[in-house]
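The values are calculated or read from the model by the stated rules, or taken from the named source; none is laboratory data. From a predicted model like this one, the values you see are computed outputs, not experimental measurements. Please note: Cβ atoms are built from the backbone with ideal geometry, for glycine as well, and neighbour counts cover all protein chains shown.
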């Protein structure tokens, strides 16, 4: 499917708020509600949009995000799929993706504390350790995420942030059920939720508004099949030195202001920062690397790049 500017504008608005109504999107993109509905159905039919998902601020629920990088050995395609399925079915994995580069698989794992993480990793290694040549575990401290400004012209990038200080917000059974549904289907209607949960419209609407007000629900977004729009997701992992708060702010600002900048992750571990860029061609990645080296040569000690050819799972409330 070849996207035109109208399709891209619809994608942009859904990336800002994937629960936006057809009327709301129509006003923003200056099309009729019927045209927006037709185009959205085409985007889904052609699998441009893979998922409507909800960003849930898990740090407020007492969880820390860890990044796990795995390098395989003696693994055939069947065993690789088994390992991927293991993490896809995990109740602690937020994101699972294949890599090309130094690592073969990267997983974002949620754990209450280091003992919780240790148990999760031990269970995995006990079963699949003979197939793992190397692994690296990093703590995600905070992560600003940026909307896809490259989708359309003259659009400002928006930022939201998850992570940060660990809190212990108390969810009840109803909150948990709502978050489980919204995490993997942000565009589900209230009527559909009423049918699934056996709750009234007022109860569901009130709980969703409260979870948003309390910043448990951070944003409603879409997962785009980047291959379908001729884009690729790259991670640039940096090892830094002598980083002042001013320099860190400048680095975040660089990612935020770059049309292709998607995410900034501040890490604790063997690497310090992970940057995400969505580029149309490899030459754009080389230009970004050149700019980073020129602008931040005094703080970049080492770096490596990872291509993410396939995202297998995205669920901010996998429990």
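Numerical summary
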quantity: Boolean, residue 138 is in a strand (DSSP E or B), surrounded by 17 or more Cβ atoms within 10 Å (Cβ to Cβ) and modelled with pLDDT of 95 or more; calculated: yes
quantity: Boolean, residue 273 is surrounded by 16 or more Cβ atoms within 10 Å (Cβ to Cβ), without any contact (Cβ under 8 Å) to a residue 40 or more places away in the chain and in the same structural domain as residue 89 (by TED's automatic domain parsing); calculated: yes
quantity: Every residue from segment 174-230 that is closer than 14 Å to residue 17 by Cα and part of a helix (DSSP H, G or I); calculated: 182, 183, 212
quantity: Segment 290-306, subset surrounded by fewer than 16 Cβ atoms within 10 Å (Cβ to Cβ) and touching a residue at least 24 places away in the same chain (Cβ under 8 Å), residue nearest to residue 108 (Cα to Cα); calculated: 304
quantity: One residue from 41, 50 being touching a residue at least 60 places away in the same chain (Cβ under 8 Å) and either out of contact with any helix residue (DSSP H, G or I) (no Cβ under 6 Å at 6 or more places or on another chain) or within 25 Å of residue 236 (Cβ to Cβ) (or both); calculated: 50
quantity: The one condition in (1) out of contact with any strand residue (DSSP E or B) (no Cβ under 8 Å at 6 or more places or on another chain); (2) surrounded by 21 or more Cβ atoms within 10 Å (Cβ to Cβ); (3) within 30 Å of residue 214 (Cα to Cα) that residue 56 fails to fulfil; calculated: (1)
quantity: Residue pairs meeting the criteria (Cβ under 6 Å; at least 6 apart or on separate chains; first over 18 Å from residue 311 (Cβ atoms), in segment 75-97; second surrounded by fewer than 20 Cβ atoms within 10 Å (Cβ to Cβ)); calculated: 75/131; 91/319
quantity: Test for residue 191: is it at pLDDT 90 or above and closer than 21 Å to residue 319 by Cα; calculated: no
quantity: Qualifying position, being without any contact (Cβ under 8 Å) to a residue 24 or more places away in the chain, under 20 Å from residue 50 (Cβ atoms) and either under 20 Å from the mean Cα position of the chain (by Cα) or in the same structural domain as residue 273 (by TED's automatic domain parsing) (or both), among 222, 181; calculated: 181
quantity: Flag for residue 107 being touching a helix residue (DSSP H, G or I) at 6+ places or on another chain (Cβ under 8 Å), at pLDDT 95 or above and under 18 Å from residue 142 (Cα atoms); calculated: yes
quantity: Residue among 29, 35 that alone is more than 15 Å from the chain's Cα centre (by Cα) and under 20 Å from residue 150 (Cα atoms); calculated: 29
